[in-house]
Structures are given as structure tokens and as C-alpha cells.
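Visitor: One structure follows; several queries about it will come next.
Values in this text are rule-based calculations from the coordinates and carry no lab data. What you see is a predicted model, and the numbers here were worked out from it, not measured in a lab. When we count neighbours, we look across all protein chains shown, and the Cβ atoms used for this are built from the backbone with ideal geometry, even at glycine.
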Amino acid sequence: MATATACANPVSNLEYDWLTVLHSKAEGLNAYEKYIRDAEQANATECVAMFRKLHEKDAEMVKEIRDHMKKMMSTSSGK
């Protein structure tokens, strides 16, 4: 029977958490784009406006998360 050897994970739990959040937010942005198209096809202008507002806010958060991750990872790589 082979013995498992311990390997250090190059991604910390915190980095993984942030990557997961970024992935979820990016999927949300794609979903909002579909919802906007659906609302446009239904001529639901108020829904279009709300989905666009949500998309815009989440896009801002994605940029902020990416900037935070870049800073965090550049700091941790210097250790």
C-alpha cells in the first residue's frame, strides 16, 4: 500500500476564499446580463433598470475584490 506524502498547498485558505468569492461574483455578473436581456424582451423597463443597477454595483465589487487580492497575494508572496 502506498503511503500518502504531505504536500504543501500553494493556495492559503484565505486566498481560496477570495478566489471563490470572485468566481461567484463573476458568475452573478453573467447571470445579470441574461436577466437584463430577458427583461428587455418582456419590455419590463423597471426590471431592466434594477438588473443594470445590480450589475453595476457587483462589477464595482469585482474590481475592488481583484485589487484587494492582488495586494494580498503580492504581500504574501514576499514571505
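Visitor: Per-residue ellipticity at 222 nm for the chain, helices alone: DSSP H runs ≥ 4 residues times -39500 (n - 2.57), over residue total, nearest 500 deg cm²/dmol?
Guide: Numbers: 2 runs with 62 residues, N = 79.
Taken over the chain, the calculation gives -28500 deg cm²/dmol.
Visitor: How would Asp58, Asp67 line up from fewest to most surrounding beta-carbon atoms within 10 angstrom?
Guide: Least to most surrounded, the residues fall as Asp67, Asp58.
Visitor: Only Cα pairs under 8 Å and at least 6 apart count here; give the relative contact order of the chain as a rounded whole percent.
Guide: In percent, rounded to a whole number, it is 33.
Visitor: For the chain, what is the charge dipole size about the Cα centre, in debye to the nearest 20, if Lys and Arg each add +1 at the Cβ and Asp and Glu each add -1 at the Cβ?
Guide: Its charge dipole is roughly 280 debye.
Visitor: Lysine pairs in the chain with alpha-carbon atoms under 20 Å apart, 8 or more places apart or on different chains: how many are there?
Guide: 12
Visitor: Another question about this same structure. With r defined as the distance between the Cβ atoms of Tyr16 and Glu60 and R0 fixed at 30 Å, what FRET efficiency is calculated, to the nearest 0.05? Mind dumping the intermediate values first?
Guide: Working: r = 23 Å, r/R0 = 0.77.
Working from the Cβ atoms, E equals 0.85.
Visitor: Let me ask you something else. Looking at [x] 40, 10, 9; [y] 38, 17, 6; [z] 22, 15, 11, which value of semi-axes √(5λ) of the Cα gyration tensor in Å comes from a calculation on the structure shown?
Guide: [y]
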